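One structure is given below, encoded as structure tokens.
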Amino acid sequence: MTKLFEEIASLSTEQNNPNTKNIDTLSSIEILECINNEDALVIPAVKNEIEHIAQAVELVVNAFRNGGRLFYVGAGTSGRLGVVDASECPPTFGVDPEMVQGIIAGGDKAMFKAQEGAEDSFENGERVIQDYSINQHDVVCGIAASGRTPFVRGALHAAKKSSIPTILITTNSKDTIRELGIDVDCVIAPQVGAEVIAGSTRMKSGSAQKLVLNMITTASMVRIGKTFGNIMVDVQPTNAKLKERAKKIMMELTGCTYPVAENTLLNTGFSVKTGLVMLLANVSQEEARQRLQDANGLVRNAIQR
């Protein structure tokens, strides 16, 4: 047996699930019940990792506050999930597309068609750090269900060598990660157990990874002031619909009328955050902008100053 065979055979993500061993004898509804029962294990597994997810959020928030970026690096399903989460940040939170970026082994074409073998290059993963000019202000988050994907390990290795903060999201155990010799600042490892179909990590592992990615970016964006309460306030008025949404937010959070919301936004260049501070703190536009700057963009702190 090769070393690679032994390494893969020992991974929890590759084990045979005793709960679904007879799945090929079941009816459609019974198969779906099996899948649903296994999916129910995902949320508790993620909950058990909240402390480590919080560590990751602190790394990301620190990077964002210092002008840094978050880079997801993955292959296959894991890589696609990273690209999706990154691509959703600009329309959701009004951030620059450079702020959160997803890198997938095999390049953009791998999003739509599997590029078999792309994940096997440790060296290509290492080159990612240089190719994207990733530096110590940034964070590199590897996503790999197995934790051993060479492309991801290469990127994390190169980042760690350059003192760049690193995160690994895996569904194998932390003991396994240590045994593999992977050195990162934060390991997030929800233990979802063997997959419904052995080795099909697009299922429970993929669901866990998606939940974790949502948590990291959402919590980080809240921490840097992209929301006021649970409402997104960095709306970018790129079309008529979003301009009306901005007015609705102003009216809902301040109790002002439609004409007041519209006039305030027109005067601020449709900056919802500036408008909110102006109305809720009863200050001038200049004062509102200064307060937001002093409060690191946090609307609530700017109002209460």
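General observations
- Of residues in the stretch 198-240 being hydroxyl-bearing (Ser, Thr, Tyr) and touching a residue at least 12 places away in the same chain (Cβ under 8 Å), the one nearest to Ile23 (Cα to Cα): Thr201
- Some residue of the stretch 42-63 being in contact with a helix residue (DSSP H, G or I) (Cβ under 6 Å, 6 or more places away or on another chain), not in a helix (DSSP H, G or I) and not small (Gly, Ala, Ser): no
- A count restricted to the stretch 152-203 and to residues that are in contact with a Leu (Cβ under 7 Å, 6 or more places away or on another chain), charged (D, E, K, R) and over 30 Å from Asp131 (Cα atoms) stands at 0.
- Qualifying residue in the stretch 93-100 (condition: out of contact with any strand residue (DSSP E or B) (no Cβ under 7 Å at 6 or more places or on another chain), of a type outside the set (D, E, K, R), assigned to a helix (DSSP H, G or I) and surrounded by 15 or more Cβ atoms within 10 Å (Cβ to Cβ)): no
- Tabulated pairs, the stretch 246-272, first on the phi > 0 side of the Ramachandran plot and without any contact (Cβ under 8 Å) to a residue 40 or more places away in the chain, second of a type in the set (Phe, Trp, Tyr) and surrounded by 22 or more Cβ atoms within 10 Å (Cβ to Cβ), C-beta under 9 angstrom, 6+ apart or interchain: none
- Filtered by the rule that a residue be crowded, with 17+ Cβ neighbours inside 10 Å, assigned to a helix (DSSP H, G or I) and not small (Gly, Ala, Ser), the stretch 211-242 gives Leu211, Val212, Leu213, Met215, Ile216, Thr217, Thr218, Met221, Val222, Arg223.
- Verdict on Leu265 being crowded, with 21+ Cβ neighbours inside 10 Å and at pLDDT 95 or above: yes
- Residue check, Gly275 exposed (fewer than 14 other Cβ atoms within 10 Å of the Cβ) and either in a helix (DSSP H, G or I) or modelled with pLDDT under 95 (or both): no
- Number of residues in the stretch 123-140 that are farther than 19 Å from Arg69 by Cβ and crowded, with 16+ Cβ neighbours inside 10 Å equals 1.
The values are calculated or read from the model by the stated rules, or taken from the named source; none is laboratory data. For clarity, every value in this text was computed on a predicted model and none was experimentally measured. Because the Cβ atoms are built from the backbone with ideal geometry, glycine has one as well, and the counts that use them run over all protein chains shown.
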